[in-house]
Amino acid sequence: MGTPLRAGENEVQTRRIVVSGYYGFRNSGDEAVLKSILFALEEGGAKAGLRVVPVVLSVDPAWTTAMYGVEAVHRMRPGAVLGALRSSDGLIS
């Protein structure tokens, strides 16, 4: 739980965005696209006063998390994908 707000302070809103693609296969082109998307989400969120939490669908979630510092779920596990989608505010595919 965060620090209590003081008078006049606004809580930063958080948005969870699932990012779907051919990630975790360590293909440099697809991984470059993911890196660009993550950068754009961070920058765009900051400009809008939002904290964007990306959730990447990956064939190797542990590697994706270690490489990019984001939450990742296995793209071939329907339960994990459905859970990520249900807990998100949007999808980039």
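Condition test on GLY2, is it modelled with pLDDT under 95 and not polar (S, T, N, Q)? If you could, list the steps in order and put the result at the bottom.
Working: modelled with pLDDT under 95: yes; not polar (S, T, N, Q): yes.
So GLY2 fits the description; yes.
Looking at region 80-93 only, could you name the residues that are open to solvent by 60 Å² or more (accessible area, probe 1.4 Å) and more than 17 Å from GLY24 (Cα to Cα)?
LEU82, LEU85, ARG86, ASP89, LEU91
Being open to solvent by 50 Å² or more (accessible area, probe 1.4 Å) and either free of Cβ contacts under 8 Å to residues at least 12 places away in the same chain or in contact with a strand residue (DSSP E or B) (Cβ under 9 Å, 6 or more places away or on another chain) (or both) is the filter; apply it to region 24-36 and report the residue that is nearest to GLN13 (Cα to Cα).
Restricting attention to region 24-36, the residues satisfying the condition of being open to solvent by 50 Å² or more (accessible area, probe 1.4 Å) are 25-28, 32-33, 35-36.
Applying the additional criterion that residues be either free of Cβ contacts under 8 Å to residues at least 12 places away in the same chain or in contact with a strand residue (DSSP E or B) (Cβ under 9 Å, 6 or more places away or on another chain) (or both) yields 25, 27-28, 32-33, 36.
Numbers: PHE25: 32, ASN27: 33, SER28: 33, ALA32: 28, VAL33: 26, SER36: 22 Å.
My answer is SER36.
Would a scan of region 37-51 turn up a residue that is in a helix (DSSP H, G or I), farther than 19 Å from GLN13 by Cβ, at pLDDT 95 or above and over 11 Å from the mean Cα position of the chain (by Cα)?
So far as region 37-51 goes, no, none of its residues is in a helix (DSSP H, G or I), farther than 19 Å from GLN13 by Cβ, at pLDDT 95 or above and over 11 Å from the mean Cα position of the chain (by Cα).
Condition (residue is at negative phi, open to solvent by less than 40 Å² (accessible area, probe 1.4 Å) and either basic (Lys, Arg) or without any contact (Cβ under 8 Å) to a residue 12 or more places away in the chain (or both)) applied to region 56-78: is it met by at least one residue?
The initial filter retains those residues of region 56-78 that are at negative phi, namely 56-68, 70-78.
Then drop every residue that is not open to solvent by less than 40 Å² (accessible area, probe 1.4 Å), which leaves 56-58, 61, 64, 70, 72-74.
Keeping just the survivors that are either basic (Lys, Arg) or without any contact (Cβ under 8 Å) to a residue 12 or more places away in the chain (or both) gives none.
Checked region 56-78: no residue is at negative phi, open to solvent by less than 40 Å² (accessible area, probe 1.4 Å) and either basic (Lys, Arg) or without any contact (Cβ under 8 Å) to a residue 12 or more places away in the chain (or both).
Considering only residues that are touching a residue at least 24 places away in the same chain (Cβ under 8 Å) and exposed (fewer than 15 other Cβ atoms within 10 Å of the Cβ), which ones fall in region 45-55? Let's see the steps before the verdict.
From region 45-55, those touching a residue at least 24 places away in the same chain (Cβ under 8 Å) are 45, 49-55; that's our starting set.
Result: GLY49, ARG51.
The values are calculated or read from the model by the stated rules, or taken from the named source; none is laboratory data. Since the structure is predicted, the reported quantities are computational estimates derived from the model, not experimental observations. Backbone-built Cβ (ideal geometry, glycine too); neighbour counts: all protein chains shown. Side chains included, ligands, DNA and RNA excluded: accessible areas come from the protein's heavy atoms. Shrake-Rupley method; radii C 1.70, N 1.55, O 1.52, S 1.80 Å.
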